[in-house]
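Only the coordinates and a few stated rules stand behind these numbers; no lab work does. Note that the structure is predicted; figures quoted are calculated from it, not measured. Note that each Cβ is placed from the backbone with ideal geometry, even for glycine, and that neighbours are counted across all protein chains shown.
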Amino acid sequence: MSEHNNPYSRRLFIRHGVALASMATTIPQFIQNSALGMVAQLAGNPGGAGIPQDRILVVVQLGGGNDGLNTVIPFGMSEYYNARPTIGISAPNATAKGQTGVALMLDQQRGLGLNPSLKGLKSLYDDGKLAVLQGVGYPNPNRSHFTSMDIWQTATTGAKGNGWIGRYFDNTCNGTPIPEGSISIGRTAPLALNGQVQKPISFESAELFRWLGKDLHKSLDDPYQQINRAGIVPETTQTSQAAFLMRTALDAQLGSDRIRAAVGKPSLTTWPQSEIANQLRIVSALIRDGMPTRVYYVSQGGYDTHGGQLGSHGRALQQVGDALAAFQKELVAQHAEDRVISMVFSEFGRRVKQNASGGTDHGTAAPMFVIGSKVKAGVHGDHPSLTDLDQGDLKFKQDFRGVYANILDEWLNAPSAKILGGTFAKSSIIKA
Amino acid sequence: MFEDALKPLPEKAFDYSAAVHLLNRAGFGGTPSQARALADMGLNKAVDRLVKYESQPVEPVKADLFDNSIMSPQTDEQREAARKARQNNDEEALAALQRERNRKQAEDRKQIAELQKWWIKRMIETPRPLEEKMTLFFHGHFATGYRTIEDSFHMYQQNQLFRKFATGNFAQLAHRIIRDPAMIKYLDNDENQKSKPNENLARELMELFTLGEGRGYTEDDIKAGALALTGYTFKDDTFYFNNNNHDTSTKNIMGKSGQFDGDGFLDVILARNECAEFMAGKLFRFFVNDSSGDLSKEQKAFILAMANKLRASKYELKPLLDAVFSSAYFYSAQNRGAIIKSPIQLTVQAVRSLRTPVRELSALASATDLMGQNVFFPPNVKGWDGGRSWINTSTLFIRQNVLVYLLTGRKPDMYEWQASDIPFDATHLVDHLRQPDGSVDMASGIEYLLRFNLAQSPSPLRLQQVMTFAKSRGERLDNDRIIAVLALTTAMPEYQLC
């Protein structure tokens with residue numbers, strides 16, 4: 001990998017010609033700029049032969065540990081209501097007890113419903129665009145938010161190393177990062193997108209994506225651009241904090257103009273008002289602009305429901321469900337529906353038994369959702385048993401890495417075994 | 001060999017740039033003249049000045065500076081009235097109660113915003129920068145967020161607790177934190193009862209506050225620790241031990257057996273070697289070097305030496321901080337510019353070292369939030385990850401723009417800040433370079449400004465980039481030109497280092 005550590009300087013010239021390399025010693029920052037411009041264009045087709053270059057994955061992260069049992073309701077299992085006397089969601093067509101509400105019907109035969117706040121997801125299900133994977137987790141579950149989130153994001157049970165999506169890019173990009181390959185909407189970029197070479201772009205609002213200093217005097221713009229587009233200046237150690245900052249500054253300049261223009265355009269459809277809806281709206285604008293971005297990442301918090309969870313959990317679910325439905329409508333209007341899938345996950349589910357505070361504590365396996373016109377809609381796998389438990393928690397039925405493998409192999413056409421460092425029992429959610 | 005790792009810097013090696021380094025790391029930077037004064041003191045006195053700060057007079061923090069009654073619990077009469085209203089389905093009374101609740105919450109949200117401004121102002125003005133810096137360290141370490149607890153006075157109380165123990169005894173602070181209302185509420189220990197234990201505080205106490213994830217404890221230890229903490233709750237603004245909810249059974253925790261309560265549980269933890277090592281590692285990242293990647297052999301040795309010092313002093317922090325700030329290793333080239341400034345560090349240091357106008361405190365609070373560090377609102381119980389996680393392509397623009405705002409008062413259209421027309425007199429930065437006629441040589445002035453503002457020697461390329469610009473704008477280094485040079489310097493990627 002040593003040759004990968006210096007993506008912004010000499011290696012580019014080696015790849016793109018001796019003439020550039022020999023000039024690089026005299027006017028480095030200028031040459032680096034133009035060399036990068038070339039790479040950016042080449043990177044539009046990062047995968048090479050056979051890879052559908054316009055397919056997009058949108059990752060939707062529910063932070064805090066989403067209560068899977070109150071998301072997909074196993075109303076057919078009486079143990080569910082025994083374990084959750086005051087927060088168990090009533091079966092469809094039953095009379096609601098207290099404030100719990102009545103589940104939306106998902107699968108009568110399997111005895112499964114959706115949280116009453118998930119009308120948005122229900123509409124996607126009825127349209128044949130929602131795959132529900134049951135009991136997704138991993139062995140020796142970790143109940144720490146951060147460790148478990150890192151496990152999901154690195155796709156390793158040791159929770160160490162780079163992110164799984166970052167490694168996907170590292171694997172396909174031949175040592176050169178793909179500018180704008182992955183974009184996260186939010187303040188801090190998630191570990192999942194971090195590769196050895198590939199680094200994500202992230203922003204919360206496109207309007208904040210430029211330097212104000214050039215409004216002071218136009219003469220400041222040129223030196224500012226030189227400084228921030230210089231890449232790694234000579235005699236900087238490649239692994240140093242300074243080199244990291246110089247690389248990031250260059251990424252920022254490259255992404256700035258284009259992203260601001262794309263997000264400024266109005267949407268084709270109307271959107272609900274919520275933070276997660278706004279994030280997905282930005283993603284839809286970037287897709288419409290034809291960005292070379294393959295993976296988008298959005299997130300929503302508020303799922304750490306230790307107490308009085310019925311109201312707060314319902315509100316969070318309603319926001320994400322409605323936002324996902326609106327996103328799909330916008331994609332249809334853009335005629336982009338067939339090249340985008342969205343994957344919804346949380347770091348863990350919650351304990352089967354409710355706690356004394358009308359909430360639930362950290363648990364293990366939970367359902368995942370995958371959405372799109374190209375997913376095999378329906379319920380996948382069996383619901384975990386509510387009696388055969390591991391320390392009061394569900395035993396997982398599907399390793400999440402098998403879902404990643406499925407998406408890598410069959411959606412992104414990337415070698416999952418290499419990226420994930422092993423093979424896992426794969427789900428089957430992508431249409432042939 | 002561990003003592004070797006902490007061997008002190010030779011007195012004569014403590015020069016001007018070392019003094020700048022000390023001011024930045026043990027505090028939030030200082031002006032050129034403050035750095036010169038510190039350098040003149042010599043190493044020992046300079047470190048004493050920062051670490052033994054009690055001799056510096058400071059405005060005391062008053063217990064009643066903020067209103068403690070906004071979110072105070074309902075009285076028995078109010079509770080009874082609410083019960084009756086629900087029972088009788090008295091919609092009018094219920095709506096009035098809801099309005100009252102909304103009013104209180106809105107008022108409290110105003111107060112937490114005031115609290116943020118108050119703390120940022122204190123960090124900017126304090127003559128005891130290390131006191132505030134360690135308060136900030138503990139806020140990130142024992143991270144507690146207002147969003148969950150919704151009581152600004154409890155956040156204020158906790159902030160005072162951190163300040164009181166800033167360079168005091170870590171073990172004592174740990175015993176106090178399990179009695180802190182904000183922490184108890186944040187990690188649900190008010191719900192932790194022997195009949196229905198809640199593991200949240202016990203888990204984070206071991207994983208994040210003392211030992212480090214997975215270091216020497218098991219899931220069973222967490223369950224036993226949770227039982228030890230049952231009944232640790234609070235009433236209004238003070239700790240309350242609810243004997244009825246406390247589990248008195250014998251517990252096994254990490255190989256020790258006893259009828260542990262919360263303090264007993266903590267004592268078992270604090271006696272473990274892992275605890276001092278974990279704290280040493282965190283302080284190392286906060287004060288010495290937060291580069292990513294595996295630790296080098298030398299770094300490991302230094303952290304071990306720090307841990308030994310902490311154990312030897314029975315968790316007293318002053319001897320450790322004194323040793324770190326006096327050590328040759330702390331000042332070595334590999335540790336200069338090896339920390340990425342936190343948003344608070346970036347903002348407060350800019351004001352303290354350049355002496356820009358403060359402009360709007362609310363704008364500074366909003367800016368630190370946009371850059372990823374909203375004080376009193378840490379992202380989760382793990383606090384802020386720090387290091388490279390501060391930086392991405394969007395926070396980099398915000399960091400550059402905050403500096404433009406401080407230097408000039410201009411704000412981006414999107415930001416809801418007050419623009420400010422207070423002029424910034426930057427000429428004091430180059431006062432010591434003035435020639436007899438009062439002018440400052442352009443080349444030496446620019447070189448000095450880059451040197452002072454960048455934690456590492458500026459590269460020739462950067463000097464050339466700024467010099468080319470400055471020369472194109474005339475020959476005199478006047479105030480406007482200094483500010484232009486500062487706008488460019490603070491927009492350099494390496495300005496984010498300290």
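For A:L106, the amide hydrogen comes within under 5 Å of the amide hydrogens of A:L112, A:G113, A:L114, counting only partners 5 or more places away or on other chains and with H modelled in the peptide plane.
Take every pair of alpha-carbon atoms less than 8 Å apart whose residues are at least six positions apart; their mean separation over the length of chain A yields a relative contact order of 26 percent.
GNM on chain A, alpha-carbon springs under 10 angstrom: the most fluctuating residue among A:S284, A:S240, A:S342 is A:S240. The distance between label points at B:N169 and B:E150 comes to 3.8 nm (points 7 Å beyond Cα on the Cα→Cβ vector). Look at B:E131, A:E79 and count the other Cβ atoms within 10 Å of each Cβ; fewest to most, that gives A:E79, B:E131. Each of A:T100, A:T156, B:T218 was scored by other Cβ atoms within 10 Å of its Cβ. Listed from fewest to most, they are B:T218, A:T156, A:T100. Pairs of alpha-carbon atoms within less than 8 angstrom and 6+ residues apart define the contacts here; what relative contact order does chain B have, in percent? The normalised contact order for chain B reaches 18 percent. Backbone geometry of the range A:411-425 corresponds, through the Karplus equation with coefficients 6.51, -1.76 and 1.60 at θ = phi - 60°, to 3J(HN,Hα) couplings of 9, 9, 6, 10, x, 5, 4, 5, 6, 8, x, x, 10, 9, 4 Hz, x marking Gly and Pro.
Can you give the average number of partner chain beta-carbon atoms within 10 Å of each beta-carbon in peptide A:215-221, as a whole number?
The per-residue average across the peptide is 4.
Per-residue mean of foreign Cβ neighbours for A:201-209 is 5 (Cβ atoms of other chains, 10 Å radius). Ordered by the count of other Cβ atoms within 10 Å of each Cβ, fewest first, A:Y297, B:Y329 give B:Y329, A:Y297.
List the residues, sorted by chain then number, that are 5 or more residues from B:D247 or on another chain and whose placed amide H is less than 5 Å from its amide H. Amide H neighbours of B:D247, under 5 Å, 5+ apart: B:K194, B:T230.
Distance from the C-alpha centroid of the range A:54-72 to that of the range B:185-220: 26 Å, rounded to the whole angstrom.
In this structure, the amide hydrogen of A:G349, modeled 1.01 Å from its nitrogen in the peptide plane, lies closer than 5 angstrom to those of A:G363, A:T364, A:A365, A:A366, counting only residues at least 5 positions away or on a different chain. For the options A:N194, A:N413, A:N66, a Gaussian network treatment of chain A with springs between C-alpha atoms closer than 10 Å singles out A:N413 as fluctuating the most. Taking Lys and Arg as +1 and Asp and Glu as -1, the other residues whose beta-carbon sits under 13 Å from that of B:S249 total +1.
Which lysines does A:K214 reach when only Cα atoms under 28 Å apart count, and residues fewer than 8 places away in its own chain are ignored? Correct list for A:K214: A:K199, A:K265, B:K341, B:K411, B:K471.
Gain on full extension, evaluated as 0.36 nm per residue between B:N88 and B:L295 minus their Cα-Cα distance, stands at 68.0 nm.
Each part reduced to its alpha carbon centroid, the range A:114-134 and the range B:67-119 end up 37 Å apart.
The distance between label points at A:V332 and A:A96 comes to 2.7 nm (points 7 Å beyond Cα on the Cα→Cβ vector). Computed from backbone phi, the HN-Hα couplings of the range A:59-68 come to 9, 10, 9, 9, x, x, x, 6, 6, x Hz, rounded to whole numbers (Karplus: 6.51 cos²θ - 1.76 cosθ + 1.60, θ = phi - 60°; Gly and Pro given as x).
Mean-square fluctuations from a GNM of chain A, with a 10 angstrom spring cutoff on Cα atoms, peak among A:Q134, A:Q238, A:Q318 at A:Q238. I want the local charge near B:G231. Using Cβ-Cβ distances under 9 Å, sum +1 for each Lys or Arg and -1 for each Asp or Glu among the other residues. Once all neighbours under 9 Å are counted, the net charge is -1.
Note on A:140-153: average number of Cβ atoms from other chains within 10 Å of each residue's Cβ is 3.
Between A:H217 and A:T269, the modelled label-to-label distance comes to 5.1 nm, taking each label 7 Å out from Cα in the direction of the beta carbon. Centre-to-centre separation between the Cα atoms of the range B:2-37 and those of the range B:300-337: 14 Å. Full extension of the chain between B:E11 and B:D437 yields a length gain of 149.7 nm, computed as 0.36 nm times the residue separation minus the alpha carbon distance.
For the range B:427-496, what's the relative contact order in percent, using C-alpha pairs closer than 8 Å and at least 6 residues apart?
36
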